[in-house]
Amino acid sequence: MTDERDTPGEAPGEPDDAAADSFWDRLQSLPEDTEHETSVHEDDAYWHAPPPQPDSALHRPSETRPPVVEPTTVAPASVRPAPPATGESVAPVVPAPVPPPVPPTPPPAEAPPAAVPPAPARKRRRRGGFFTKALVLVLVLLAAAVGLAWYRFASIERVDTQGTLAHGGAGTNYLIVGSDSREGLDSDDLAMGGAEGVGGQRADTMLILRVDDTGTSMLSIPRDLWVTLNPSGSEAKINAAYNDGPPAVIATISDLGIPIHRYLEVDFASFQGLVEAVGGVTIAVPNPARDENSGLLIEEAGEVRLSGEQALAYVRSRHYQELIDGTWQEDPRADLGRIERQKTFMAAVLGELTSTWNPLELDRAGRAAGDGLRLDDEMTLLDALKMGWDLRGAVYEFLQLPVENFRAPDGYSALRLVDGAGEVIARFSR
């Protein structure tokens, strides 16, 4: 089988003789195909096949089906066949550029939610006017209450203490004097109190109320306590000092070592009206009690609400009897027992007065006690308010002067201080 290309050098662009001989040597070394006879067309396709390495002079016609190209894989130089050994320079093979990977198509963005039309704004009520009116009303009521308190306080009778009041110290000592003046009481009250036909004015009760940083204390001064009166210098019972006026009482107690910072005095009629103004006072009694001289009658033991009339009979009782085991027994302590009951009852009265800030109740109490209440000439409204604030919810400590009975030079029974009295007095002298 003959081909025009068998003669070397006839066709332009053929390789030289050495290259042709090498090619024919390789061709002769191929095994014979006995089964199929190679056709001219097949040989033509074979001879025109590109060498292992593409050459600029040889071109293989493109096949009908394009080869599969893997853009991301390039064979390394070590596995590619070497170019034919010829004297001609071979242009380097430049791999086709690998296209960048196509990023995945993002999912379509969700459509934004439909805009919700805003709700219509509510009309705000104008409350500025209401609050302004309420504030003005509160201020008016407060001013009225202060004005009423000032008026009531200014109408209280004052006592000229003549400079006997103390100033300074770690606390405040209030001297509370209950006088047995019968002015303002009708004949029935006088008869019930066992005082019918008795005139004059005496200091029936003397309580010292102390308020300091340690608490609230209360001490009774027995009316029969034997002392040296100031300013006369004579010896007598302390209630006799009242005949010389409140300054003498203040000065005499100060001589015992107890300074007095404030002075308050209330008579029987005012005391009874004060209790009625607060609606009565509750006290606790261990047994049923009575006093035929003062008119006291408590039929049941326990907490008892006393009216103004019964309260007066209770604090003035000097023959206090209790029903014990079916028998009426009189208190053997006599005046000392009365002092203890007075302290208990006075604490209850102060508790009732300071437990409310109702202006109506306070006004009733002020009107009830105003006529028979007397204050020292140095007390101001702020001092009175401070006293009420200090006593609000106070827990009282009751103290008692150590005394003993003795026969006074005038022949009457009296009381005098004994050992231990100095310690109690020191509690009130700071």
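Some points to look at:
- Among the residues of the range 339-373, the one identified as basic (K, R) and out of contact with any helix residue (DSSP H, G or I) (no Cβ under 8 Å at 6 or more places or on another chain) is K343.
- Taking the criterion of being of a type outside the set (A, V, I, L, M, F, W, C) and either surrounded by 18 or more Cβ atoms within 10 Å (Cβ to Cβ) or closer than 16 Å to F271 by Cβ (or both), the residues of the range 305-332 that qualify are S307, G308, E309, Q310, Y314, R316, S317, Y320, Q321, D331.
- For R364: the one exception among (1) more than 17 Å from V266 (Cβ to Cβ); (2) open to solvent by 70 Å² or more (accessible area, probe 1.4 Å): (1)
- Residue match in the range 383-396 (condition: outside any helix (DSSP H, G or I) and either over 26 Å from V315 (Cα atoms) or basic (K, R) (or both)): yes
The values are calculated or read from the model by the stated rules, or taken from the named source; none is laboratory data. Keep in mind the model is a prediction, meaning the values are calculated, not measured. Virtual Cβ from ideal backbone geometry, glycine too; neighbours counted across all protein chains shown. Just so you know, the surface numbers come from the protein's heavy atoms only, side chains and all, with ligands and any DNA or RNA stripped out. Shrake-Rupley method; radii C 1.70, N 1.55, O 1.52, S 1.80 Å.
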